[in-house]
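Colleague: Here you go, one structure.
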């Protein structure tokens with residue numbers, strides 16, 4: 001099967017980065033991939049990584065509301081002989097469904113967000129219309145979480161044509177003692193310090209400000225260093241706040257260009273203190289590295305982190321501080337939760353399982369004889385299992 005994935009761009013901070021792991025895992029399912037981006041990016045890393053795993057890439061230059069967008073995408077998909085169109089995010093959904101219809105191909109779409117707080121009545125009407133259009137024109141819609149399933153059901157009225165398939169990730173493996181020691185040397189801290197990392201983008205709503213509030217509440221002398229990785233518009237403000245506070249300066253380090261997976265493999269704890277999120281991939285990667293997590297109980301996060309693999313906390317600095325102190329002081333708890341996190345990743349989120357689930361959906365959309373019936377792929381209307389089970 002040759003699948004044409006349509007994305008906004010090949011930017012490493014976007015959806016396309018996850019498709020690298022899918023390309024690496026898709027061989028046993030006989031999935032060939034063509035990734036078509038509507039807009040070009042200055043970052044060649046994702047395209048190169050996809051190519052290493054046998055996926056082809058096409059970067060178009062389609063401006064918003066370009067009336068030729070559908071024709072350009074259809075031409076690219078036709079040239080590469082795709083069997084199914086798989087779209088990701090809003091503009092690719094619109095353009096991709098029209099291009100698929102033009103080529104008489106089945107179309108699949110993945111929901112990557114939950115639009116549950118519309119600004120006004122007009123916004124609610126527009127978003128409802130998009131969901132109903134998706135239900136009509138897409139062969140199948142994929143929710144990455146039960147949270148998305150519930151939102152979709154409220155708007156569309158049922159889960160017919162909707163499957164739940166969490167995005168997977170390549171197995172990062174568990175870090176070695178040498179990696180942990182190397183990170184500590186680079187941070188200039190002792191071997192006995194606990195290293196907690198946050199690899200969320202530094203932008204509004206991701207909660208690094210609340211994390212700094214939590215660190216300001218730590219008891220004096222706690223042997224913990226928090227690494228804030230990545231970049232974003234809030235980075236200068238975060239750096240300025242840390243530089244101006246002796247307590248924070250003693251506990252916080254910044255690493256702009258560090259590989260998030262490398263940091264997670266060398267960490268003792270992962271921190272993800274966002275105010276809203278759907279199914280953050282970095283938490284899945286942290287589980288794969290065998291790292292316990294402290295995360296806020298928002299969005300789809302309770303479907304990743306459980307009490308066996310870490311701690312779920314309210315959006316409150318004091319509760320984050322309490323759980324961090326608890327993990328810092330209990331190495332045996334960190335070990336148990338890290339082992340449970342690793343096991344959960346292998347069972348639920350490893351990329352091979354992701355590829356198998358998508359393979360079943362693709363075969364069904366193509367009407368293959370060995371495929372499940374469409375209704376077998378539908379998400380249940382309700383789920384009796386508790387979140388995190």
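The values are calculated or read from the model by the stated rules, or taken from the named source; none is laboratory data. Model, not experiment: these values are computed from the prediction. FYI the Cβ positions are ideal-geometry reconstructions off the backbone, even for glycines, and counts take in every protein chain you see.
Colleague: Please enumerate the residues belonging to the stretch 1-27 that are within 13 Å of residue 54 (Cα to Cα), modelled with pLDDT under 90 and surrounded by fewer than 24 Cβ atoms within 10 Å (Cβ to Cβ).
Modeller: Matches in the stretch 1-27: 27 only.
Colleague: To continue, here is another question. Out of curiosity, is residue 82 at pLDDT below 95, touching a helix residue (DSSP H, G or I) at 6+ places or on another chain (Cβ under 9 Å) and within 19 Å of residue 37 (Cα to Cα)?
Modeller: Answer is no for this residue.
Colleague: So, one more: Does residue 268 satisfy the condition of being within 27 Å of residue 17 (Cα to Cα) and at pLDDT below 95?
Modeller: no
Colleague: Let me ask something else about it. With (1) outside the structural domain of residue 332 (by TED's automatic domain parsing); (2) under 22 Å from residue 295 (Cα atoms) as the list, and residue 211 as the residue in question, which single condition is left unmet?
Modeller: Unmet for residue 211, out of (1) outside the structural domain of residue 332 (by TED's automatic domain parsing); (2) under 22 Å from residue 295 (Cα atoms): (1).
Colleague: Quick check, is residue 319 at pLDDT below 95 and closer than 18 Å to residue 212 by Cβ?
Modeller: no
Colleague: Moving on. Take residues that are crowded, with 17+ Cβ neighbours inside 10 Å and at pLDDT below 90 and tell me which of the strands (runs of 3 or more DSSP E) falling wholly in the stretch 142-237 contain 1 or more.
Modeller: Those strands (runs of 3 or more DSSP E) do not exist here; none qualify.
Colleague: For the stretch 66-79, does any single residue satisfy the condition of being surrounded by fewer than 23 Cβ atoms within 10 Å (Cβ to Cβ) and closer than 30 Å to residue 346 by Cβ?
Modeller: So far as the stretch 66-79 goes, no, none of its residues is surrounded by fewer than 23 Cβ atoms within 10 Å (Cβ to Cβ) and closer than 30 Å to residue 346 by Cβ.
Colleague: Here is a list: 259, 246. Which entry is in the same structural domain as residue 222 (by TED's automatic domain parsing), surrounded by fewer than 23 Cβ atoms within 10 Å (Cβ to Cβ), within 24 Å of residue 335 (Cα to Cα) and without any contact (Cβ under 8 Å) to a residue 60 or more places away in the chain?
Modeller: Of 259, 246, the one residue that is in the same structural domain as residue 222 (by TED's automatic domain parsing), surrounded by fewer than 23 Cβ atoms within 10 Å (Cβ to Cβ), within 24 Å of residue 335 (Cα to Cα) and without any contact (Cβ under 8 Å) to a residue 60 or more places away in the chain is 259.
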